[in-house]
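Asker: Mind having a look at this structure? Questions to follow.
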Amino acid sequence: MKKNIYFCKLILILLVLFVPNIFADFIPEGYKSIKYCIKFNNLSDYQDYGLFAVCDTTIPTTYLLNDPDGCYGMYKFCNFKVCVIEKNKVPITLLDTNYRTQISKSDRQWLNSNMSDNNFICKDLNYHPMITVKEENPIVKVVDVMALPNFRDSASNFQKVKIIYTYTNGISEEIPYTNESRPISKYAASEEIKNSIIPIEITSNSLAKNRYFVVIISLIAIIIISIILIIRKNKKKNL
Amino acid sequence: MTLPYLFSLVITIVLEFTTHLFFIKRPILDIVFYAILINCVTHPIATIFYKQTGNLIIIEFSVFIVEIFLIKWLFEIDYKKAILISAIANLLTAILGKIISII
């Protein structure tokens with residue numbers, strides 16, 4: 001009987017250990033993660049506006065876009081939006097922040113209330129970060145250069161301008177966008193390496209799926225703990 | 001996060017298991033099993049929250065609080081000991097995580 005309990009525990013240990021394999025942040029063997037960010041080449045045209053990068057998820061992240069040379073990123077599963085509001089409406093303390101600084105509680109409240117009141121004009125970036133490549137791929141960093149849209153025109157969207165690949169030897173390569181799809185690095189010469197670039201396409205479905213898996217790991221553990229505690233309680237009762 | 005998620009989870013489990021081993025007198029398999037369970041509850045959620053908010057202190061503190069109860073209930077020990085174990089285990093994992101992120 002005791003042997004059986006230990007065997008069951010062993011099975012559960014293996015199960016719990018291997019479930020995280022399906023977790024979203026798992027990098028497949030033979031792949032490496034790379035840096036990815038977005039530059040806006042016309043950020044200086046919006047000096048009269050407060051521009052905010054918004055990660056539209058269950059726990060929204062917001063930061064001010066105020067550096068024309070800044071390269072901005074978001075967590076890969078974010079529905080990355082850029083939201084604008086007249087600069088004179090933005091609290092001065094908030095204008096002094098950037099993506100590295102912590103936003104104060106009062107500024108956070110101002111952001112949340114204005115976001116929920118729809119006082120911002122927001123545009124969806126259609127965020128598809130490039131986050132992993134095969135280990136032999138020389139790419140270490142990818143920068144997408146984009147132009148901000150006309151926020152007052154509902155038909156206007158972000159324009160993809162060019163992509164900048166930086167390689168392990170420090171050399172950078174700029175390739176302009178000719179259509180919506182991301183231009184492939186020419187420097188990564190061999191076909192094998194070209195094919196190994198796997199920009200991860202994140203759709204709302206995959207987002208939901210990955211979140212679901214994360215919750216599953218914790219949920220399984222919580223269920224097992226609950227079962228253990230209930231069994232123990234019943235045993236004590238029977239005694 | 002530079003390390004693959006699974007690797008960071010395993011490191012956290014090993015580190016917390018080692019801490020539990022020092023303070024709790026129970027069969028090793030029990031300690032391994034409970035260490036895995038405890039970390040499977042807190043680690044995935046903490047990772048997601050960290051990526052969303054970047055606030056390590058609040059997340060570590062929340063994990064510390066949750067783990068006090070999990071350690072107390074699973075290992076059937078008193079709160080004083082559970083607080084001590086949770087504090088040491090989470091301090092160690094936070095320090096190691098910080099060191100790894102710097103490297």
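Asker: Could you tell me which residue of the range A:53-80 is surrounded by the fewest Cβ atoms within 10 Å (Cβ to Cβ), considering only residues that are out of contact with any helix residue (DSSP H, G or I) (no Cβ under 6 Å at 6 or more places or on another chain) and under 12 Å from A:L148 (Cβ atoms)?
Answerer: Only one residue tops the list, namely A:Y72.
Asker: Now for a different question. Assess whether B:L9 counts as being at the interface with chain A (Cβ under 8 Å from one of its Cβ atoms), part of a helix (DSSP H, G or I) and modelled with pLDDT under 85.
Answerer: yes
Asker: May I pose another question? I'm told B:K25 meets every condition in (1) part of a helix (DSSP H, G or I); (2) surrounded by fewer than 16 Cβ atoms within 10 Å (Cβ to Cβ) except one. Can you identify the failing condition by its number?
Answerer: (1)
Asker: Is the range A:53-60 home to any residue that is more than 30 Å from A:I220 (Cα to Cα) and either in a loop (DSSP other than H, G, I, E, B) or modelled with pLDDT of 80 or more (or both)? I'd like the intermediate steps shown before the answer.
Answerer: Applying the first criterion (more than 30 Å from A:I220 (Cα to Cα)) to the range A:53-60 yields A:53-54.
So of that shortlist, the ones also either in a loop (DSSP other than H, G, I, E, B) or modelled with pLDDT of 80 or more (or both) come out as A:53-54.
Yes, because at least one residue in the range A:53-60 is more than 30 Å from A:I220 (Cα to Cα) and either in a loop (DSSP other than H, G, I, E, B) or modelled with pLDDT of 80 or more (or both).
Asker: Let me ask something else about it. Inspect all residues belonging to the range B:72-93 and state whether any of them is within 30 Å of A:I103 (Cβ to Cβ), among the β-branched types (V, I, T) and either part of a helix (DSSP H, G or I) or at pLDDT below 90 (or both).
Answerer: Scanning the range B:72-93 turns up at least one residue that is within 30 Å of A:I103 (Cβ to Cβ), among the β-branched types (V, I, T) and either part of a helix (DSSP H, G or I) or at pLDDT below 90 (or both).
Asker: Of the residues A:P199, A:P149, A:P129, A:P176, which is at pLDDT 85 or above, in contact with a Pro (Cβ under 9 Å, 6 or more places away or on another chain) and over 30 Å from B:W73 (Cα atoms)? Break it down into steps so the answer makes sense when it comes.
Answerer: Numbers: A:P199 fails: at pLDDT 85 or above; A:P149 fails: in contact with a Pro (Cβ under 9 Å, 6 or more places away or on another chain); A:P129 fails: at pLDDT 85 or above.
Matching residue, one of A:P199, A:P149, A:P129, A:P176: A:P176.
Asker: What tally of residues in the range B:28-59 results from selecting those that are open to solvent by 10 Å² or more (accessible area, probe 1.4 Å) and more than 9 Å from chain A (Cβ to nearest Cβ)?
Answerer: 7
Asker: Tally up the residues in the range A:30-46 that are more than 12 Å from A:G73 (Cβ to Cβ) and either touching a Phe, Trp or Tyr at 6+ places or on another chain (Cβ under 6 Å) or among the acidic types (D, E) (or both), please.
Answerer: Kept after step one, since they are more than 12 Å from A:G73 (Cβ to Cβ), are these residues of the range A:30-46: A:30-33, A:40-46.
Within this subset, residues satisfying the condition of being either touching a Phe, Trp or Tyr at 6+ places or on another chain (Cβ under 6 Å) or among the acidic types (D, E) (or both) are A:45.
The number of residues fulfilling the criteria is 1.
The values are calculated or read from the model by the stated rules, or taken from the named source; none is laboratory data. This is a predicted model, so every value here is computed, not measured. Reconstructed Cβ throughout: ideal geometry from the backbone, glycine too, with neighbour counts over all protein chains shown. Quick note on the areas: whole protein, heavy atoms, side chains included, nothing else; ligands and nucleic acids left out. Shrake-Rupley method; radii C 1.70, N 1.55, O 1.52, S 1.80 Å.
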